[in-house]
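Enquirer: Provided herewith is a single structure, encoded as structure tokens, for subsequent inquiry.
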Amino acid sequence: MWRRLFFSRPQILTTPSFSNLRNVSSTVNHFLVSRHAAARFTLSFSSNSPLPKLGAEETNHTAAAKVIEKNEAMQMMNSALETSSDDDDGSAVGFSYNHGLNMSKVEQKKLFKQRQYEARKAEIISADKERRRSEGDRKRKAWDEKLAGVDEEERAKLIEARRALRIKTIEKMNADKAQKIERLEKARVHGQNIVIDLEFSSLMSPMDIRSLTRQIMFCYAANGRCSAPSHLWLTGYGSEMEAQLLKIPGYENWIIEKDSRSYIEAFEDRRDDLIYLTPDSENVLYDIDPRKLYILGGLVDRTRQKGVTMKKARNQRIQTGKLPIREYLKESSCQILAINQVVELLLKFMETRDWKTSFVHAVPQRKQCQR
Ligand SMILES: C[S@@+](CC[C@H](N)C(=O)[O-])C[C@H]1O[C@@H](n2cnc3c(N)ncnc32)[C@H](O)[C@@H]1O
């Protein structure tokens, strides 16, 4: 007998019929994470078909695969099923969907939250695209109307003025770009060295790696805008991080140092100058020393890998430092910043030598103390 279930939130899935799931063949027909953080999917299953081997190629969940990765759909289903265990016989729920996945409840919840976040972000991006498209349409229409309302001679003048303005804008952009290159080349020799340690890929999900890639892009952009930029390094560079970074348009032209070795090897002769910035350090960083090399952990903290960088630095016997955050961030807010915020903070401090101004500039207002 074929049954069909549709549920808009995993939590409401409390039907005892799931006890039979051990013997059903499931097909995920549709899966999406909606705007209001609700996972929605439809299951069709037959109680007398054999159990699919999840995570293996034998499954024929083609419809789901069109929407998201099959395994991820299964993880989400598993998460939903686990929440239904109150009404169930316990043995049925969460059972074989764990085949080969070995996800704890916490991990499943994390995955679910990641999906919500991605869906919300996709919505924001598409709304933004739509806004820009309609803005473009509006401007084009206004321009056409302007041209239509004047005689031939005036029209030619308007077109010529617009052409000249465009040339001027392009020239300014090219000049800005040339100046930026010059500043970054100078920083290669004289600038403050800031190192991003990329040796944590194995601790991050593909989504975290994409997020870290974006953060590195923001770091590079912020550095490029500085009148006195720093010299950025990527150590432990390679594999998945490299693949993601190469997707950034123009990345090949970045003026940034890439080294596949660890910073320990890359700066073997300057070991005493290495300072690992880590939120778990006991040393507060009140000043920045231009002779030192400041290392940041290339980690996205959604995974809450507490103490990872501190442990690493301690094992390597290198100095550590934490940002002077207590006075500037609300106690209730997270004391751990994303690496682009840390880089912006350091850049601003080097420019102003004032932590307060730097925090105001680099950290979202909701995190700041109201002093
Ligand atoms: C998102 S945090 C990762 C935190 C992670 N739990 C760890 O063990 O480092 C990314 C990096 O930003 C830097 N960072 C973030 N907040 C910091 C703070 N309060 N003090 C010093 N460094 C910080 C550290 O280099 C850190 O590794």
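Nothing in this text is a laboratory measurement; each read-out follows from the coordinates by a stated rule. Source: prediction; values computed, not measured. Cβ placement follows ideal geometry from the backbone for every residue including glycine, while neighbour counts extend to all protein chains displayed.
Enquirer: For the stretch 266-282, enumerate the residues that are surrounded by 12 or more Cβ atoms within 10 Å (Cβ to Cβ) and within 12 Å of the ligand (Cβ to nearest atom). I'd like the intermediate steps shown before the answer.
Expert: So the first thing to find is which residues in the stretch 266-282 are surrounded by 12 or more Cβ atoms within 10 Å (Cβ to Cβ), and the list is 266-267, 270-271, 273-281.
Selection gives I275, Y276, L277, T278, P279, D280, S281.
Enquirer: Take the residues in the stretch 241-258 that are within 20 Å of the chain's Cα centre (by Cα) and not in a loop (DSSP other than H, G, I, E, B); name whichever of them is surrounded by the fewest Cβ atoms within 10 Å (Cβ to Cβ).
Expert: Checking each candidate, the answer is A243.
Enquirer: Would you confirm, using the coordinates I've provided, whether M217 is closer than 23 Å to Y294 by Cα and assigned to a helix (DSSP H, G or I)?
Expert: Yes, satisfied.
Enquirer: Please find, within the stretch 286-303, the residue that is surrounded by the fewest Cβ atoms within 10 Å (Cβ to Cβ) out of those that are within 7 Å of the ligand (Cβ to nearest atom) and part of a loop (DSSP other than H, G, I, E, B).
Expert: V300
Enquirer: Report, by residue number, each residue of the stretch 329-345 that is closer than 15 Å to D280 by Cβ and within 6 Å of the ligand (Cβ to nearest atom).
Expert: Step one: list which residues in the stretch 329-345 are closer than 15 Å to D280 by Cβ, which gives 334-337, 342.
Answer for the stretch 329-345, where residues must be closer than 15 Å to D280 by Cβ and within 6 Å of the ligand (Cβ to nearest atom): Q335, I336, L337, V342.
Enquirer: Just the residues that are in contact (Cβ under 8 Å) with a residue 24 or more places away in the chain and away from the ligand (no atom under 14 Å from the Cβ), please, taken from the stretch 252-265.
Expert: Within the stretch 252-265, W254, I255, I256, E257, K258, D259, S260, R261, S262, I264 meet the criteria.
Enquirer: May I ask you to say which residue of F349, F267 is out of contact with any strand residue (DSSP E or B) (no Cβ under 8 Å at 6 or more places or on another chain) and not aliphatic (A, V, I, L, M)?
Expert: When all the criteria are applied, what remains is F349.
Enquirer: Quick check on my filter: what residues within the stretch 227-240 are touching an Asp or Glu at 6+ places or on another chain (Cβ under 8 Å), under 21 Å from A187 (Cα atoms) and surrounded by 15 or more Cβ atoms within 10 Å (Cβ to Cβ)? Steps first, please.
Expert: Going through the stretch 227-240, the residues touching an Asp or Glu at 6+ places or on another chain (Cβ under 8 Å) turn out to be 227-228, 231-237.
Restricting the remaining residues to those that are under 21 Å from A187 (Cα atoms) gives 227-228, 231-235, 237.
Scanning the stretch 227-240 gives H231, L232, W233, L234, T235, Y237.
Enquirer: Another question, if that's okay. I need the full set of residues from the stretch 204-213 which are part of a helix (DSSP H, G or I) and surrounded by 15 or more Cβ atoms within 10 Å (Cβ to Cβ), in order please.
Expert: M207, D208, I209, R210, S211, L212, T213
Enquirer: Do we have R326 as within 11 Å of the ligand (Cβ to nearest atom) and over 30 Å from L111 (Cα atoms) here?
Expert: So R326 fits the description; yes.
Enquirer: Can you name the residue in the stretch 304-323 that is among the polar types (S, T, N, Q) and more than 12 Å from the ligand (Cβ to nearest atom) and, of all such residues, is nearest to W355 (Cα to Cα)?
Expert: If we take residues in the stretch 304-323 being among the polar types (S, T, N, Q) and more than 12 Å from the ligand (Cβ to nearest atom), then Q319 is nearest to W355 (Cα to Cα).
Enquirer: Conditions first: (1) under 18 Å from L232 (Cβ atoms); (2) free of Cβ contacts under 8 Å to residues at least 60 places away in the same chain; (3) in a strand (DSSP E or B); (4) touching a helix residue (DSSP H, G or I) at 6+ places or on another chain (Cβ under 7 Å). T320 passes all but one, so which condition is the exception?
Expert: Here T320 clears every test but (1).
Enquirer: Residue by residue through the stretch 139-191, note down the ones that are among the hydrophobic types (A, V, I, L, M, F, W, C) and part of a loop (DSSP other than H, G, I, E, B).
Expert: Result: V150, single match.
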